[in-house]
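Values in this text are rule-based calculations from the coordinates and carry no lab data. In this text, all values refer to a predicted model and were calculated from it rather than measured experimentally. Positions of Cβ are generated from backbone atoms using ideal geometry, with glycine treated the same way; all protein chains shown enter the neighbour counts.
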Amino acid sequence: MVEKTKKCSRCKKTKSINDFWSSKTCKGGYRTICKKCNYISRQNYRRNNLDKRRRQERKYKTSEKGQRVTRKSRLKCKYDLTLEEWQQMYNEQKGCCAICGIHQDKLIRSLEIDHNHVTGKVRKLLCIKCNLGLGYFGVDLLESELLEKAVKYIKETENG
């Protein structure tokens with residue numbers, strides 16, 4: 001029985017097919033670089049991007065003074081809200097997204113604070129989908145009719 005082989009595109013060595021990761025998306029059913037080259041590549045990437053990852057982690061976990069950032073301080077700093085004001089908004093909305101009405105209990109992430117990026121004014125609490133949707137449509141620019149056009153488009157294409 002003949003053992004199947006493949007040439008690694010990185011190290012240019014011909015190796016056993018068992019030295020390559022299988023992949024449904026790659027031609028021939030296997031990755032183009034061998035497991036060893038893939039491991040080395042991943043190690044180099046991690047080493048080169050370590051500082052970037054550490055900065056990102058630190059950004060969310062600590063304040064400028066090196067103290068751990070709490071929800072209370074994040075609310076105050078980013079939105080000028082107290083925990084009590086946030087809780088009041090949550091209670092007024094009965095724990096539901098202000099747009100789609102889905103309850104907090106059915107969400108993976110907690111409700112997010114929607115705000116105007118130009119003025120900084122806090123609007124209401126939204127689920128991640130609604131909040132991102134508004135952001136993608138650029139609703140801070142109230143002259144934009146993009147959202148209305150999207151609704152019109154959906155209605156037209158569903159009816160015929």
Summed side-chain charge close to ILE102 - residues other than ILE102 whose Cβ falls under 12 Å, Lys, Arg +1, Asp, Glu -1: +3
To the nearest 20 debye, what is the magnitude of the charge dipole of region 78-132 about its Cα centre, counting +1 on the Cβ of each Lys and Arg and -1 on the Cβ of each Asp and Glu? 240
Starting from the Cα of ASN44, move 7 Å in the Cα-to-Cβ direction to define the label point; list residues of region 11-34 whose amide nitrogen is under 12 Å from there. 11
Order of TRP21, TRP86 from fewest to most other C-beta atoms within 10 Å? TRP21, TRP86
Along region 122-130, Karplus-curve 3J(HN,Hα) (6.51, -1.76, 1.60; θ = phi - 60°) to the nearest Hz, with x for Gly and Pro, reads 6, 9, 8, 9, 10, 6, 4, 5, 5
On the first, second and third principal axes, largest extent first, how far apart are the outermost C-alpha atoms of region 5-48 in Å? 31, 22, 14
Which of the lysines could a cross-linker bridge to LYS121, judged by Cα under 26 Å and excluding same-chain residues fewer than eight apart? LYS59, LYS61, LYS72, LYS76, LYS78, LYS94, LYS129, LYS149
Largest to smallest principal axis extent of the C-alpha atoms in region 81-159, angstrom: 44, 30, 19
Taking the Cα centre of region 5-48 as origin and charging only Cβ (+1 Lys, Arg; -1 Asp, Glu), how large is the dipole, in debye to the nearest 20? 100
